[in-house]
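Working notes for the structure below.
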Amino acid sequence: MKTLDRRGISKAVYVVIVVIIVILIGATILLGTNHSSAITTSSQTSVVASPTSQTTTATSGQPLAANQTLVVDYTSSPGSLDPASDVEIAGFGIMGNIMQSLVYYNNSDSSTIVPVLAQNYSIGSDGRTITFTLRQGITFSNGDPFNAYCVWYSYYRAAVMRQSGAFFYGVELNLSGVTAAELNELNSSTNTPPQSLMPVVGNTTNAIAVLGPYKVQIRTNSPFPDIFGWMVYSKIVDPRAIEMHGGVVAGQSNSWANLNPIGTGPFILQTWVQGSYAILVRNPNYWGGPGQGVFPTPKLSKVVIYFVPSETTREENILSGSADVAAIDTPRISAVNGSQGVVLPDFGISNTYAWMPIDGRQYPLNITQVREAVVHAINWTQIDQQVYHGLLYPSAGVVPYGLVGFNASMHPYAYQPVLAENLLSQAGFPNGTGMPTLTFYYATDYPETYLVAQVVQADLAGIGIQVQLKGLTFSQILGLDSSTPDSSPQHPSLQWVSITGSPIPSGYADPLFMTNNYGNLDNYSNPVVDQLLTEAQGTFNNTLRAELYNQASQIVYNSYFYYFIGNIRDFFPAQFFVFRSNVHGYYYQSAFSQLDFSTIYLT
Amino acid sequence: MIGVTFITFIVAHAIVPNPVKAWIGLYSNPQIIQAYTQRYHLDDPLWLQYIYYMEGLFTGNWGISPTTGRPVLSEIADYFPATFELVVFSIILSFIIGVPLGAVAALRNKTKTDLSIKSFYLLGVSSPPFLVALLLQFAFAYYFNLFPSVGEISPNIPPPKPITGMMVIDSLLAGDWPAFISTLDHLVLPTLALTILIFGLFTRLTRSAMLDVLNKDYVRTAKAKGLNQYYVDVRHALRTALIPSITILAVAVGQLLGGVVVIEYVFGWPGIGSYTVEAITTSNFPDIVGVTTIFAIGVVVSNMVADILYAVLDPRIRI
């Protein structure tokens, strides 16, 4: 009987339920009324300059405000904020505001490299040796001093760790000859190595050699004028901070450094809730200042970066004013641009270069006439108007718009469906008869690529070529490219690709068109092109470079291995950025990946 | 469990056999590719890779995430509590809403009230999660401006020191009231969205159980004895009818752990769903297998809890 009495729910459960209901109702009422003060956006913060800030005037003439907060909606959270580990856009967008390199572009001026942590530099007569004299008196945000040893440590640390970030540090540099143990000897509060390490640090046969506490020499494998374009990504880290948190282990990343970036830059990372938001605050000890070139003392006191994967949420946030800046996907930019209080700035033609590799090893695309038929069957204007809202710039060739070697007279292939049909017939596939179905891989994380794929599918169907569309993320497509033989049917016949690199010609021409290079997704190979590109990347004579790149462009263009889409206007690497109309001072620089907050201010 | 890890491991490799480029992106050189290949045994046959992985799993080494460079287990420990918190609050709210509605529907069987409640929960259950989340967000975050649209806590408030990883609980334990209010504030909309989607489960179960109980002899006897109608409905009928709903609580936790992805996506909730999506998009098999293993453990444990609860609540099935 006792057991039966205990069957069912006791009074206590009812009491608990009632209490929970009361708490929830109470909390909802309370939170609902408090909400307006819980979230601070730019419109709610003071922009009145304090007496202190009035004494400091920015280069733009705008007074430094005491309490300006910028709210930004990015799409994804970084995986790591250690430059030796990370190569993502999301990571560089934050790191670039915290850490600095020896040199950088003069804001939006891609033709001028200016010293940042360097005071000045000189290039040796061999074209390989660059000697940097560094600024003195700079400290990292934690107070540790910056000097030439930090530069040496940063480069070799990345090489020893062998993570993906090592790529940027190692372009045209032979970073061998230093071990993890030697790096870990650089562990002092002054960031100065012990005497025992000096022969290694100062070894001038190495790619990086310290010539003095504020003088460092970098020696490339061969003459390489574009080295500065890669150095902008090579951020200088604080050896002392890293040595206090695990140091350097060969072949391993440092978990602490992944989450705790310490730099010399204008901002410091205050909070990072992974997957949710990051807060950057002005570095109170920042060495830069008004009138000292790029990366001035920030006018913003705080930047709140939300990681919002949902396009709809980002749109709503920028339209409602909950965000000051938001990343917007290509298919939606036309709808968002021009909304009340929202601006898509005229950044001009970006360095984002889009194209479609055609797998010329796969039957029947290995027949030149078939590839030629394909490129002439695709309506570029339709892609421009219907997918990119007229924001495409019709560039083609091995070097995109605006860089040395760009050929302004070379455009995407003309839309000539009749010619395409004839070529297909000549290749033995009249009206597509006998043609196997091609596979087009579009990137599901770039929604515009599905629209491009649909245009291509319809256009090729017009001449009798059937195309099957398959969607994978861009990363997965890269993985598929490298893990399936290009002659196999599993390899993408056609795919959409874009690259946004540092504005240097070899940053596009070499990886995309050189044999076995990392961005050469359809494994295009032509020894003549390789030779031209190698010569071009090694010469300081811009006239000669342009001519060499132009010759390479002509060969590639006439091979029909690539359908060139062109450069995209106003575009950042992955999306467009729209701003509330009270946000000012922003600029576009492709090497920055996202936004340089040091120049931005609110009114 | 071994089956789950095996299937997940195979499937994770099916789309992209060699995921190195998916992990490190376009920018790479042969040395880096070689380093990753060696680190993750990618040159070895798949079965051998699996053995390496399982060896690590059993020794507590779940591997290093190739995209973040951090230990997988540590990352899961960072992301999982946010999801667990969301799921638990949603389950509680669903129970609170769903059970009374189910009881009322049973007591007003085949009336307009019953039909209305049925329509209400069917609407919730059959609604696309994306739509529900966006509608709530639009109405309460943008139109009425009552709740924040994204995140787990306001950036203006320092997050509480992690104890359980669940910010509401941690802020409560720390006595950090501003953080507590802020985390609750952020929890409302995603919880409500998830609740709308699942409360029908409890309503339907309670209704059918209640209808069954109301026809039992002992209920009729109670009524015949002249007991108060409310007393009979609540103490005799609902009390017994609650048993299936209580036990389904635990099962629902297991199911929901894997089903909150869309809600997390829309509300920018930093949970395991977002983490899993990120892992899948980069063919990051150490993360994928790690998360799947955690989910599998979650389902197994929640089913075990359900069995125990059932035994506690219904003495007839005790051994």
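A compact table of results
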| read-out | value |
| --- | --- |
| Qualifying residue in segment A:554-568 (condition: crowded, with 23+ Cβ neighbours inside 10 Å, under 26 Å from B:Gly25 (Cα atoms) and among the hydroxyl-bearing types (Ser, Thr, Tyr)) | yes |
| Filtered residue count, segment A:234-258, keeping only those that are of a type outside the set (Gly, Ala, Ser), modelled with pLDDT of 95 or more and in a loop (DSSP other than H, G, I, E, B) | 8 |
| Out of A:Glu535, A:Glu547, sole residue that is more than 28 Å from B:Ser283 (Cα to Cα), free of Cβ contacts under 8 Å to residues at least 12 places away in the same chain and either in the same structural domain as A:Tyr450 (by TED's automatic domain parsing) or not hydrophobic (A, V, I, L, M, F, W, C) (or both) | A:Glu547 |
| Residue match in segment B:114-128 (condition: within 14 Å of chain A (Cβ to nearest Cβ), closer than 24 Å to B:Val261 by Cα and either assigned to a helix (DSSP H, G or I) or of a type outside the set (D, E, K, R) (or both)) | yes |
| Residues of segment A:159-182 that turn out to be at the interface with another protein chain (Cβ under 10 Å from one of its Cβ atoms) and not hydroxyl-bearing (Ser, Thr, Tyr), as a count | 11 |
| Sole residue being in contact (Cβ under 8 Å) with a residue 24 or more places away in the chain and either surrounded by 24 or more Cβ atoms within 10 Å (Cβ to Cβ) or within 19 Å of A:His245 (Cβ to Cβ) (or both), chosen from A:Pro193, A:Pro115 | A:Pro193 |
| Count - residues of segment A:138-181 that are in contact with a Pro (Cβ under 9 Å, 6 or more places away or on another chain) and over 23 Å from B:Lys21 (Cα atoms) | 11 |
| Meets criteria (farther than 20 Å from B:Val168 by Cα and at pLDDT below 80) for B:Thr247 | yes |
| Unique match (being away from chain B (no Cβ under 14 Å), in a strand (DSSP E or B) and out of contact with any Cys (no Cβ under 6 Å at 6 or more places or on another chain)) among A:Ile268, A:Ile262, A:Ile279, A:Ile305 | A:Ile268 |
| Subset of segment A:109-163 (residues that are of a type in the set (Gly, Ala, Ser) and not in a loop (DSSP other than H, G, I, E, B)) | A:Ser110, A:Ser111, A:Ala118, A:Ser122, A:Ala148, A:Ser154, A:Ala158, A:Ala159 |
| Hey, B:Trp23 among the aromatic types (Phe, Trp, Tyr) and within 11 Å of chain A (Cβ to nearest Cβ) or not | yes |
| Single match in B:Ala252, B:Ala209, B:Ala222 (criterion: hydrophobic (A, V, I, L, M, F, W, C) and under 20 Å from B:Ser126 (Cα atoms)) | B:Ala252 |
| Test: B:Tyr53 is of a type outside the set (Gly, Ala, Ser), surrounded by 17 or more Cβ atoms within 10 Å (Cβ to Cβ) and under 30 Å from A:Pro511 (Cβ atoms) | no |
| Helices (runs of 4 or more DSSP H) wholly inside segment B:225-319 that include at least 1 residues being in contact with a Leu (Cβ under 7 Å, 6 or more places away or on another chain), without any contact (Cβ under 8 Å) to a residue 60 or more places away in the chain and among the small types (Gly, Ala, Ser) | B:239-257, B:285-313 |
| Residue that is nearest to A:Asp144 (Cα to Cα), among those in segment A:239-276 that are among the hydrophobic types (A, V, I, L, M, F, W, C) and more than 24 Å from the chain's Cα centre (by Cα) | A:Ala241 |
| Residue list for segment A:338-363, filter: in a loop (DSSP other than H, G, I, E, B) and buried (at least 19 other Cβ atoms within 10 Å of the Cβ) | A:Leu344, A:Asp359, A:Gly360, A:Gln362 |
| Qualifying residue in segment A:317-337 (condition: in a helix (DSSP H, G or I), within 13 Å of chain B (Cβ to nearest Cβ) and more than 24 Å from A:Asn582 (Cβ to Cβ)) | no |
| Single match in A:Phe168, A:Phe132, A:Phe140, A:Phe146 (criterion: closer than 23 Å to A:Pro225 by Cβ, surrounded by 16 or more Cβ atoms within 10 Å (Cβ to Cβ) and at pLDDT 95 or above) | A:Phe132 |
| Of the criteria (1) away from chain B (no Cβ under 14 Å); (2) assigned to a loop (DSSP other than H, G, I, E, B); (3) of a type outside the set (Gly, Ala, Ser); (4) more than 20 Å from the chain's Cα centre (by Cα), which one A:Gln100 fails | (4) |
| Segment A:449-499 - residue that is more than 10 Å from chain B (Cβ to nearest Cβ) and β-branched (Val, Ile, Thr) and, of those, surrounded by the fewest Cβ atoms within 10 Å (Cβ to Cβ) | A:Val455 |
| Residues located in segment B:1-20, provided they are at the interface with another protein chain (Cβ under 9 Å from one of its Cβ atoms), in contact with a Ser or Thr (Cβ under 6 Å, 6 or more places away or on another chain) and at pLDDT below 85 | B:Val16, B:Pro17, B:Asn18 |
| Residue list for segment A:539-573, restricted to those being farther than 21 Å from A:Ile378 by Cα, of a type in the set (Phe, Trp, Tyr) and outside any strand (DSSP E or B) | A:Phe540, A:Tyr549, A:Phe572 |
| Index of the failed condition, A:His245 passing every other in (1) in contact with a Pro (Cβ under 7 Å, 6 or more places away or on another chain); (2) surrounded by fewer than 20 Cβ atoms within 10 Å (Cβ to Cβ) | (1) |
| Leading residue by the ranking (surrounded by the fewest Cβ atoms within 10 Å (Cβ to Cβ)) among those in segment B:239-278 that are farther than 18 Å from B:Thr191 by Cα and facing chain A (nearest Cβ under 8 Å) | B:Val277 |
| In segment A:322-355, the residues that are of a type outside the set (Ser, Thr, Tyr), out of contact with any helix residue (DSSP H, G or I) (no Cβ under 7 Å at 6 or more places or on another chain) and over 30 Å from A:Tyr524 (Cβ atoms) | A:Val325, A:Ile333, A:Ala335, A:Asn337, A:Gly338, A:Gln340, A:Gly341, A:Val343, A:Pro345, A:Asp346, A:Phe347 |
| Residues (among the β-branched types (Val, Ile, Thr) and in contact with a His (Cβ under 7 Å, 6 or more places away or on another chain)) located in segment A:250-279 | none |
| Options A:Pro503, A:Pro489: the member that is in contact with a strand residue (DSSP E or B) (Cβ under 6 Å, 6 or more places away or on another chain) and touching a residue at least 40 places away in the same chain (Cβ under 8 Å) | A:Pro503 |
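The values are calculated or read from the model by the stated rules, or taken from the named source; none is laboratory data. Small disclaimer: the values here were computed from a predicted structure and weren't measured. All Cβ positions, even for glycine, are placed from backbone atoms using ideal geometry, and neighbour counts span all protein chains on display.
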